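Enquirer: Sharing a structure below in structure tokens format, with a few things to ask.
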Amino acid sequence: DTAVSQTPKYLVTQMGNDKSIKCEQNLGHDTMYWYKQDSKKFLKIMFSYNNKELIINETVPNRFSPKSPDKAHLNLHINSLELGDSAVYFCASSQEGRTEAFFGQGTRLTVV
Amino acid sequence: SQQGEEDPQALSIQEGENATMNCSYKTSINNLQWYRQNSGRGLVHLILIRSNEREKHSGRLRVTLDTSKKSSSLLITASRAADTASYFCATGLYNTDKLIFGTGTRLQVFP
């Protein structure tokens, strides 16, 4: 059983398109996150949701919109994709938000 | 702003040697965690040390925390080729769900 699963694993798309990445966790955690890992492997938090409520919204362009239909899912929708959005996006979840986080396998987004 | 800096950025050792990675951070923390990332994979949690703890062990891993210096170290003893990966520290802050990651250390263990 995969604890945190995200789809798709790879996503290649053209500039200007709109795309979504889905994430689901079956751990019963209350908190879910989206992280972006750039080409230098630096991981930066983008969003955090707790029980479907947005808790953290870092300085991310408003082209990025997270959606949490229930506490087991946190999807990421990106409008008008730009070249600079190319990165690996990781979904993660944790219990209470201050303990270990469980990560998905990542979605490698390439914008051409 | 970036919370954690890791040192060294890259480390190459022979199997059987010990590997030490250091992490420095900037603000007060609730806990500090270490994660491992194999190439092309997600991060896997290794160990968590709370702000009131100074040292913690888990198998071949030893973590220390010095809150006065705002630094932590991860020691992997008797390294194996399978330990080859990137290692990240992450700080859990008070009153927030945020985990702030360091820049990572790429460890290469040669057989």
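The values are calculated or read from the model by the stated rules, or taken from the named source; none is laboratory data. Only a predicted model underlies this, so the values are computations on that prediction, with no experimental measurement involved. Cβ placement follows ideal geometry from the backbone for every residue including glycine, while neighbour counts extend to all protein chains displayed.
Enquirer: Take segment B:57-88 and flag every residue that is within 12 Å of the chain's Cα centre (by Cα), within 18 Å of A:Thr99 (Cβ to Cβ) and of a type outside the set (A, V, I, L, M, F, W, C).
Expert: Selection gives B:Ser72 alone.
Enquirer: Among the residues of segment A:24-45, how many are away from chain B (no Cβ under 12 Å) and modelled with pLDDT under 90?
Expert: The total comes to 1.
Enquirer: Go through segment A:71-112 and count every residue that is in contact with a helix residue (DSSP H, G or I) (Cβ under 7 Å, 6 or more places away or on another chain) and among the β-branched types (Val, Ile, Thr).
Expert: Selection size over segment A:71-112: 2.
Enquirer: Based on this model, can you work out whether A:Lys71 counts as among the basic types (Lys, Arg), more than 25 Å from B:Gly104 (Cα to Cα) and out of contact with any His (no Cβ under 6 Å at 6 or more places or on another chain)?
Expert: Yes, satisfied.
Enquirer: So, in segment B:19-31, how many residues would count as being at pLDDT 95 or above, in contact with a Leu (Cβ under 6 Å, 6 or more places away or on another chain) and not small (Gly, Ala, Ser)?
Expert: 2
Enquirer: Looking at (1) within 11 Å of another protein chain (Cβ to nearest Cβ); (2) within 24 Å of A:Gln37 (Cβ to Cβ), which one does B:Arg50 not meet, given that it meets all the others?
Expert: Of everything listed in (1) within 11 Å of another protein chain (Cβ to nearest Cβ); (2) within 24 Å of A:Gln37 (Cβ to Cβ), B:Arg50 misses just condition (2).
Enquirer: Only residues that are within 14 Å of chain B (Cβ to nearest Cβ) and not polar (S, T, N, Q): list them for segment A:49-65, please.
Expert: Answer for segment A:49-65, where residues must be within 14 Å of chain B (Cβ to nearest Cβ) and not polar (S, T, N, Q): A:Tyr49, A:Lys52, A:Glu53, A:Leu54, A:Ile55, A:Ile56, A:Glu58, A:Val60.
Enquirer: How many residues does segment B:1-18 hold that are outside any loop (DSSP other than H, G, I, E, B) and modelled with pLDDT of 90 or more?
Expert: The number of residues fulfilling the criteria is 5.
Enquirer: Moving to a separate point now. With the requirement that a residue be over 15 Å from the mean Cα position of the chain (by Cα) and within 14 Å of another protein chain (Cβ to nearest Cβ), what does segment B:89-111 give you?
Expert: B:Leu93, B:Tyr94, B:Asn95, B:Thr96, B:Asp97, B:Lys98
Enquirer: What number of residues in segment A:7-18 are part of a strand (DSSP E or B) and more than 15 Å from the chain's Cα centre (by Cα)?
Expert: 2
Enquirer: Right, here's the next one. Please work out which one of (1) more than 21 Å from A:Tyr35 (Cα to Cα); (2) surrounded by 19 or more Cβ atoms within 10 Å (Cβ to Cβ); (3) of a type outside the set (Ser, Thr, Tyr) is the condition B:Asn31 fails and give its number.
Expert: B:Asn31 satisfies every listed condition except (1).
Enquirer: Just the residues that are among the small types (Gly, Ala, Ser) and touching a Lys or Arg at 6+ places or on another chain (Cβ under 6 Å), please, taken from segment A:64-99.
Expert: The answer is A:Ser68, A:Ser80, A:Ala87.
Enquirer: Listed residues B:Ser86, B:Ser39, B:Ser68; which is out of contact with any strand residue (DSSP E or B) (no Cβ under 6 Å at 6 or more places or on another chain) and either under 24 Å from A:Ala3 (Cβ atoms) or in a strand (DSSP E or B) (or both)?
Expert: B:Ser39
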